[in-house]
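In what follows, a single structure is set out as structure tokens and then discussed.
The values are calculated or read from the model by the stated rules, or taken from the named source; none is laboratory data. Please read all numbers here as calculations on a predicted model, not as lab measurements. Using ideal geometry, Cβ is built from the backbone for each residue, glycine included, and neighbour counts are taken over all protein chains shown. Surface areas here come from the heavy atoms of the whole protein model, side chains and all, with no ligands, DNA or RNA. Shrake-Rupley method; radii C 1.70, N 1.55, O 1.52, S 1.80 Å.
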Amino acid sequence: MNTTILRKTALGIAGLAFTGGILAGPATHAHATTGTTGVTTAVQADKPAKDKLIPHGVQGDQSRIDLDDEQTANVKAIIAATKKSGLDERAAVVSIATALQESKLENLGHLGDRNDHDSQGLFQQRPSSGWGTPEQITDPIYSTMAFQKGLKQVDGWQDMPLTEAAQTVQVSAYPDAYAQWEKQAADLVAEHWNS
């Protein structure tokens with residue numbers, strides 16, 4: 001069976017309830033203003049500043065993928081979890097770039113023989129390494145908060161290049177791979193932080 005079809009099937013089953021909740025929520029947090037004409041218009045909040053999202057600039061060539069509705073819902077879930085953790089936009093950029101590298105923002109269940117050990121979810125966290133149960137690490141809010149708990153334990157992560165901060169938490173066999181997603185992650189945070 002095609003890997004993409006298998007992933008989509010697993011994601012559809014595992015993330016249906018969560019994705020439905022995200023998509024059923026409010027579409028924007030715009031506020032209304034009334035002009036001198038008495039007409040009410042929606043005003044979108046300002047996007048986060050680029051220097052806050054990419055304070056060190058990007059490293060190396062950047063990659064970019066088109067996102068489907070499910071991947072976009074996962075971006076919104078990562079941002080919601082970041083806010084719940086009390087962290088800022090930069091933490092969301094690091095988290096989204098990490099999830100782009102680990103799963104292309106797909107909430108992967110166990111892939112059988114094609115699985116990397118017992119890695120699952122957006123961040124490819126492993127139950128055997130103490131990240132949580134399979135149910136927990138395939139919950140986008142839980143897995144993001146678990147990743148960010150690890151990030152908070154990295155002394156000075158805010159002052160590190162993205163790939164170094166992500167690698168310190170993830171301990172990947174490809175430590176420099178996170179850097180390629182920084183621009184897209186920053187663009188996604190700028191687009192969805194206030195939505």
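Scaling against 2.2 N^0.38 Å puts the C-alpha radius of gyration of the stretch 95-187 at 1.01. Placing one equal scatterer on every Cα of the stretch 124-174 and applying the Debye formula, the log10 ratio I(q)/I(0) at q = 0.17, 0.18, 0.20, 0.33 Å⁻¹ is -0.52, -0.58, -0.70, -1.23. Packing-based ranking of 75-84, 58-67, 165-174 yields 75-84, 165-174, 58-67, ordered from highest to lowest mean Cβ neighbour count within 10 Å. Can you bin the stretch 61-103 into rounded, prolate or oblate? Criterion: square roots of the alpha carbon gyration tensor eigenvalues sorted a ≥ b ≥ c, rounded for a/c under 1.5, prolate for a/b above b/c, oblate for the rest. Cα axes put the stretch 61-103 in the oblate bin. The residues of the stretch 85-164 expose on average 40 square angstrom of accessible surface per residue, using a 1.4 Å probe on protein heavy atoms.
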